[in-house]
Amino acid sequence: MLFSKVKDGSHAFSEREIVAQSMTFLLAGYETTSTVLAFFSHVLAHNQGVQKKLFEEVDSKIGEVQDILK
């Protein structure tokens, strides 16, 4: 799709445009992910009950996966 041609025969995006869009996508995704993880950590630090519940749920799911992998 990125390298497809439009009706007049020219390419939809140049190679430079594709690289620029890829970098924007990568950097924007990285910043968004880091912001959400920082906020998530902050919320968990202030809600010990939720933190304990999350830990127990993750621990139970990891245990299920480890039993399957044995």
- Determine how large the accessible area of residue 61 is when every protein chain is in place; take a 1.4 Å probe and give Å² rounded to the nearest 10. 110
- Evaluate the distance, in nm, between pseudo-label points positioned 7 Å from the Cα of residue 62 and of residue 31 along their respective Cα→Cβ axes. 3.2
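Largest first, how would 54, 26 line up by accessible area (1.4 Å probe)? Don't skip to the end; give the middle numbers.
Values: 54 65, 26 105 Å².
Largest accessible area first, the list is 26, 54.
The values are calculated or read from the model by the stated rules, or taken from the named source; none is laboratory data. Everything quoted here is computed from the prediction, not taken from an experiment. Heads up, the Cβs are rebuilt from the backbone with ideal geometry, glycines too, and the neighbour counts pull from every protein chain shown. Surface areas here come from the heavy atoms of the whole protein model, side chains and all, with no ligands, DNA or RNA. Shrake-Rupley method; radii C 1.70, N 1.55, O 1.52, S 1.80 Å.
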